[in-house]
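The values are calculated or read from the model by the stated rules, or taken from the named source; none is laboratory data. All figures in this text were calculated on a predicted structure; none of them were measured in a lab. Using ideal geometry, Cβ is built from the backbone for each residue, glycine included, and neighbour counts are taken over all protein chains shown.
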């Protein structure tokens, strides 16, 4: 998505020409992570620094989240023989990150530079992309959150309300998607499957 700076935008008005409205070039945002399987969702996890401020993801923060949040949550859910799939973002595919994930998942890792290569631009095969984030955004913004705290609360609430039956259907759909991709020799998915 492209953005532009409107430095040359001028508004002429009869009232108070000395009023300035400043907006930040890069507004504050939330960076949130989740994982899902047929039995539930792990997360949301919001990336924050030691002072509690929202931050973007880098390799160190991603590995810290895996070590301190994701792996303990996996252990709490007693999930055996689970596969882990992630996209090709640089912080996800740093050697230290791949080694950490291999220690947990062995050959059950689908990732760029992993034992099973992640198919690039494969949002059709990623339940987080074709289901979770679309579903969450459709409900989270319905209340028009005015603050990042309110947005975070909405994200937590919507994710907490997703039931295992819905996730089972999502993953059944994932199997249908795999079948379609194989049969069509890798072509893109139709809008509705």
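Of the residues making up the range 162-178, at least one is surrounded by 11 or more Cβ atoms within 10 Å (Cβ to Cβ), under 28 Å from residue 54 (Cα atoms) and touching a helix residue (DSSP H, G or I) at 6+ places or on another chain (Cβ under 9 Å). Restricted to the range 20-58, and to residues there that are part of a strand (DSSP E or B) and at positive phi, the residue that is farthest from the chain's Cα centre (by Cα) is 40.
Counting only helices (runs of 4 or more DSSP H) that fall entirely inside the range 76-162 and contain at least 2 residues that are under 30 Å from residue 27 (Cα atoms), the qualifying elements are 90-93, 133-140, 148-160. Screening residue 84 on (1) under 15 Å from the mean Cα position of the chain (by Cα); (2) touching a residue at least 60 places away in the same chain (Cβ under 8 Å) shows it passes everything except condition (2). Residue 117 - would you say it is surrounded by fewer than 16 Cβ atoms within 10 Å (Cβ to Cβ) and farther than 27 Å from residue 180 by Cβ? Spelling it out, it is not the case that residue 117 is surrounded by fewer than 16 Cβ atoms within 10 Å (Cβ to Cβ) and farther than 27 Å from residue 180 by Cβ. All conditions in (1) on the phi < 0 side of the Ramachandran plot; (2) touching a helix residue (DSSP H, G or I) at 6+ places or on another chain (Cβ under 8 Å) hold for residue 113, with the sole exception of (1). Residues that are assigned to a helix (DSSP H, G or I) and free of Cβ contacts under 8 Å to residues at least 12 places away in the same chain were ranked within the range 163-180; the one that is nearest to residue 31 (Cα to Cα) is 166. Looking at residue 54, is it at pLDDT below 95, surrounded by 15 or more Cβ atoms within 10 Å (Cβ to Cβ), over 19 Å from residue 90 (Cα atoms) and touching a helix residue (DSSP H, G or I) at 6+ places or on another chain (Cβ under 9 Å)? Yes, satisfied.
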